[in-house]
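The block underneath contains the structure these notes are about, expressed in structure tokens.
The values are calculated or read from the model by the stated rules, or taken from the named source; none is laboratory data. Because the structure is predicted, anything quoted here is derived from the model rather than measured. When we count neighbours, we look across all protein chains shown, and the Cβ atoms used for this are built from the backbone with ideal geometry, even at glycine.
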Amino acid sequence: MNRFLPTGLVALAAAAAIAVVPVMTSSANAQARPEIFAELDLTADQQAQIQTILADRREEVESIFTDEQRSQFREAYEESQDFRAATAAVDDLTDEQKADYRAVAQASRDEISAVLTEEQLEEFRSLVQERRNNRRNNR
């Protein structure tokens, strides 16, 4: 029984992390919502890796903001649970902050791409494009 404990704890931790923090990522300025990842049939290990990438991304993005901007971001994120919308709600981003944000977003996209299989990556890109098109059509 003890030999199963570490595996069970890892699975439990991964499940808890996924349940507590919404899974989101950015791809070519399109916001991927949690349901996108649910459609990819991710393994527990992939889920945990992506969750870590996204948590790191949020910390990195928040470090780019001033205290006031960080407060705006957090308030908007709590309300919308949408990373992209929360970032758009931040006032007066400098060109440097925008460039830093784009660099963080690209790095997280690259990291997530490395976690996914070719089939998952293809499906992910298709789903993101579909949502991007839907968002444009609903403007």
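Brief remarks follow.
- With respect to the conditions (1) modelled with pLDDT of 80 or more; (2) in contact with an Asp or Glu (Cβ under 7 Å, 6 or more places away or on another chain); (3) buried (at least 18 other Cβ atoms within 10 Å of the Cβ), Gln31 lacks only one, and its number is (1).
Okay, residues lined up against (1) touching an Asp or Glu at 6+ places or on another chain (Cβ under 9 Å); (2) of a type in the set (Val, Ile, Thr); (3) closer than 22 Å to Glu39 by Cα:
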site	(1), (2), (3)
Asp56	yes, no, no
Gln81	no, no, yes
Val104	yes, yes, no
Asp110	no, no, yes
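- Output for region 93-125, where each listed residue is surrounded by 17 or more Cβ atoms within 10 Å (Cβ to Cβ) and in a helix (DSSP H, G or I): Asp100, Tyr101, Val104, Ala105, Ser108, Arg109, Glu111, Ile112, Val115, Gln120, Phe124
- The residues of region 76-106 that are closer than 19 Å to Ala55 by Cβ and without any contact (Cβ under 8 Å) to a residue 24 or more places away in the chain, listed by number, are Ala76, Tyr77, Glu78, Ser80, Ala86, Ala103, Gln106.
- Note on region 117-135: among residues that are over 17 Å from Gln46 (Cα atoms) and touching a residue at least 40 places away in the same chain (Cβ under 8 Å), the one that is nearest to the chain's Cα centre (by Cα) is Val128.
- Tally of residues being crowded, with 18+ Cβ neighbours inside 10 Å and not aromatic (Phe, Trp, Tyr) across region 58-71: 4
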